[in-house]
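Since every read-out is calculated from the coordinates, none of them should be taken as a lab result. This is a predicted model, so every value here is computed, not measured. Note that each Cβ is placed from the backbone with ideal geometry, even for glycine, and that neighbours are counted across all protein chains shown.
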Amino acid sequence: MGARHAPIQGRYAGGMEVTPYLGGAATSSVTRQAAKGAPVFNRLALPGEPNVAEGDWDGKTVWDVVVLGGGPAGAAAASHCARHGLETLLIERKRLPRDKVCTGMLMGPWAHDVIGSEFGSVPDDILVAPKYLTGHQIHVAGTTPVAFPWRTPLAWRKDLDGWLVEKAMARGARLWQGARVLSVAEDSETYRLRVARGRETRVSLSARFLIGAEGAASPLRKTLFPELKVRYSTPLRECYEGSLALDADYIHWFFPKQRPRPRFNVNHKGDAFVIEGSGIPELRPDILRTLSEYGFSAAHTPQLRDGCLIALLHAELTSGRFRPARGNAMLVGDAGGLILPITFEGIGTALYSGRLAGEAILAAIATNRSAAELYLKELPPVIHTIDRLVKLEAGVSQSAERGPAALAEALCSAYQETAVVG
Ligand SMILES: Cc1cc2nc3c(=O)[nH]c(=O)nc-3n(C[C@H](O)[C@H](O)[C@H](O)COP(=O)(O)OP(=O)(O)OC[C@H]3O[C@@H](n4cnc5c(N)ncnc54)[C@H](O)[C@@H]3O)c2cc1C
């Protein structure tokens, strides 16, 4: 490894205080539902399940970089570090391939640029029919649907993320899956981690650089920023066999209350259709009424119902109250709150910030500066984009007062704006 970095200032500086790593599990009812729903999901016989091999453990305990979380953010960070010669360990809590509540649209330039440069073209068998969406349709109750074109690759996240992690491993990253970090300690030189592998094995590791890519409930974020108060939204997903009389080449966003929120969205994936949204419980009667026009009825039973969390950190990020890095530890993707407002698209910012963190580590080694400083220096384009979209969203809410047609038009242009950023 290269040059030594400056001692970390702050809570752990100079000491070896062991901070409990908060276990990784968000224990809300939605995540419990997710756990219950998983086996049923397999009945949908999803195509293309990459079988990610579990890395062998050769007793190595000293790493240049440890990345926590094997989603797009973690895969991008691990891939970038490994292909530049850093000894990189990727620790994923679940066994891969794992699914994630997500429409699975690879939407904007950030997603496409990082996939292209870091991973190569997405193989066709990773995508699910219709494989490429033609665009988005906005359905505001009481007005004609409006659409905008935006060609978007579509995947189940278990397939996409499995492929990304396989690629990171091909670049040299090592994967421990089904592994759980129990504690993180920090001194001026390294992060020391205690990790559970399986039921029996406990391993002590050290790493000079630590990347938190564990998604919205990031335990590392709680460890590094214990004072940060985080609000969450709890979107749900329901997967049904069959199809509705909606154009399967589009994602359909529904606004039954003639307001930007609550909303739900519907799209087709192979032999299934999926209903998602934060407002599903309160919109249940509206969903039934709205979708009955397209063949949906109370007799439809979901093959899977699960949920997840979204960390709502936009105000903290844009005000500067939360800067998602400290010392040589960085938070990327949803762990850093970098999901975009309006559509809540976050694969692009996850990939982009994951790569930024990898670049920051290489620059930190070369310049003897802290990785956090270098990462935060490059993050403003993402933060400014979030800020711009937050303001745009406020404008959309106001347009609801001018009636459903004005709202549909404002939503269409705001969703289009979110699709093209990056
Ligand atoms: C309903 C819905 C639809 C969406 N649709 C889209 C879309 O179409 N396009 C889009 O771009 N974005 C979409 N998003 C957002 C997108 O899903 C996220 O922004 C994206 O997954 C963030 O990637 P990530 O790598 O940061 O985190 P994640 O994808 O959440 O990955 C985190 C990983 O960390 C693992 N992990 C968790 N805890 C630990 C731990 N303690 N130790 C180790 N590993 C851990 C998890 O198992 C997981 O594998 C959607 C979100 C929702 C809720």
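Would you check which residues across segment 271-285 are within 28 Å of the chain's Cα centre (by Cα) and not small (Gly, Ala, Ser) and list them?
Step one: list which residues in segment 271-285 are within 28 Å of the chain's Cα centre (by Cα), which gives 271-284.
Selection gives Asp271, Phe273, Val274, Ile275, Glu276, Ile280, Pro281, Glu282, Leu283, Arg284.
Would you point out which residue out of Gly346, Gly327, Gly354 is under 23 Å from Trp253 (Cα atoms) and among the small types (Gly, Ala, Ser)?
Numbers: Gly327 fails: under 23 Å from Trp253 (Cα atoms); Gly354 fails: under 23 Å from Trp253 (Cα atoms).
Result of the check over Gly346, Gly327, Gly354: Gly346.
State which residue is nearest to the chain's Cα centre (by Cα) when the search covers only segment 79-100 and only residues that are surrounded by fewer than 23 Cβ atoms within 10 Å (Cβ to Cβ) and near the ligand (Cβ under 6 Å from one of its atoms).
This residue is Lys100.
Going through segment 170-220 one residue at a time, which ones are away from the ligand (no atom under 16 Å from the Cβ), free of Cβ contacts under 8 Å to residues at least 40 places away in the same chain and assigned to a loop (DSSP other than H, G, I, E, B)?
Residues satisfying the conditions are Thr190, Arg199, Glu200.
What single numbered condition from (1) in contact with a strand residue (DSSP E or B) (Cβ under 8 Å, 6 or more places away or on another chain); (2) within 16 Å of the ligand (Cβ to nearest atom); (3) β-branched (Val, Ile, Thr); (4) outside any loop (DSSP other than H, G, I, E, B) fails to hold for Ile361?
That leaves (2) as the condition not met.
Write out, first by first residue and then by second, each pair whose Cβ atoms fall under 8 Å of each other, whose residues are 6+ apart or on separate chains, and whose first residue, in segment 222-241, is within 17 Å of Ala329 (Cβ to Cβ) while the second is acidic (Asp, Glu) and away from the ligand (no atom under 15 Å from the Cβ).
Taking only residues 6 or more apart or on different chains, the pairs are Leu228/Glu316.
Can you pull out the residues in segment 221-271 that are within 15 Å of the ligand (Cβ to nearest atom) and hydrophobic (A, V, I, L, M, F, W, C)?
Leu224, Val230, Leu236, Cys239, Ile251, Trp253, Phe254, Phe264, Val266
Of the residues that sit in segment 314-351 and are buried (at least 24 other Cβ atoms within 10 Å of the Cβ) and within 14 Å of Val230 (Cα to Cα), which one is nearest to the ligand (Cβ to nearest atom)?
Within segment 314-351, the match that is nearest to the ligand (Cβ to nearest atom) is Asp334.
Of the conditions (1) closer than 24 Å to Pro153 by Cβ; (2) touching a residue at least 24 places away in the same chain (Cβ under 8 Å), Gly346 clears all except one; give me its number.
Condition (2) is where Gly346 drops out.
Please tell me if Ala400 is surrounded by fewer than 22 Cβ atoms within 10 Å (Cβ to Cβ), of a type in the set (A, V, I, L, M) and without any contact (Cβ under 8 Å) to a residue 40 or more places away in the chain.
Details: surrounded by fewer than 22 Cβ atoms within 10 Å (Cβ to Cβ): yes; of a type in the set (A, V, I, L, M): yes; without any contact (Cβ under 8 Å) to a residue 40 or more places away in the chain: no.
So Ala400 does not fit the description; no.
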